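Here the structure is laid out as structure tokens; the discussion comes afterwards.
The values are calculated or read from the model by the stated rules, or taken from the named source; none is laboratory data. Quick caveat, the model's predicted, so the values are computed rather than measured. A quick note on method: Cβ atoms are made from the backbone with ideal geometry, for glycine too, and the neighbour counts reach across all protein chains shown.
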């Protein structure tokens, strides 16, 4: 049973943990969306954990006051170095709490030039599961901020292994971001057939060409058979909050940008749709869709 949000008061009935993955082209603003979504959900009274699944471990920086927290795989390697196994890891060393009460985790990655980063992410997620982190902290919503395009099987692991049930694609009006989102939808199409995982919708993180994006992104969502969930404007307020190491709803709570993220949080919590997407198969068809709105 999915969590249901109250439209007026924003309070949420707590049932089973929601597991949400944010995917999109590298540099499209996944961490910005994920962090501000986490903050808005926390403001609704939910207990939130954000898990950064990028070896750069910068997903949670905004929520952590601009700092980089230690990564799970760093702790894992240290335990192995001293002759212990991962089960010697203490949750207090890998799960951190933001000033506003959001639980923060960075998976980290393997040593440079060694191993697969995607497999490293899976190792970190498995450690969290084995240590019962979600149960220990009584998490209502887990948000996985996943690195870039699905370029190898490793980065599909949060979906493949059942850690993420609801997939949101982030894209802008740039053609390559839509192309990347379509490729990710193809991966979701393959993996969604294995369980109840599915595509929950498209979020537009604007590149500034708003009139074009308001036309092309909903059309793209329609082609995928999913919902267009929210438009996030390009804004100096959002950029300033990132520089200050704070979420918009905390730094500028009365701004229109804060209201955008509050609306996104409500939309996500009220959304019970998870579909097997129908990605565009031919590049020429994707280009044709794009060109008709130029």
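Residue count for region 261-294 under the criterion of being surrounded by fewer than 21 Cβ atoms within 10 Å (Cβ to Cβ), part of a helix (DSSP H, G or I) and in contact with a strand residue (DSSP E or B) (Cβ under 6 Å, 6 or more places away or on another chain): the result is 3.
Among the residues of region 217-236, those that are in contact (Cβ under 8 Å) with a residue 60 or more places away in the chain and either in contact with a strand residue (DSSP E or B) (Cβ under 7 Å, 6 or more places away or on another chain) or under 23 Å from residue 40 (Cα atoms) (or both) comprise 220, 229, 232.
Taken over region 71-128, the criterion of being under 22 Å from residue 156 (Cβ atoms), outside any helix (DSSP H, G or I), in contact with a helix residue (DSSP H, G or I) (Cβ under 7 Å, 6 or more places away or on another chain) and at pLDDT below 85 is satisfied by 109, 110, 116. Taking the criterion of being in a loop (DSSP other than H, G, I, E, B), on the phi > 0 side of the Ramachandran plot and at pLDDT 95 or above, would at least one residue in region 237-256 satisfy it? No; the residues of region 237-256 include none that is in a loop (DSSP other than H, G, I, E, B), on the phi > 0 side of the Ramachandran plot and at pLDDT 95 or above. Residues in region 153-179 that are modelled with pLDDT of 80 or more and over 17 Å from residue 142 (Cβ atoms): 169, 170, 171, 172, 173, 174, 175, 176, 177, 178, 179.
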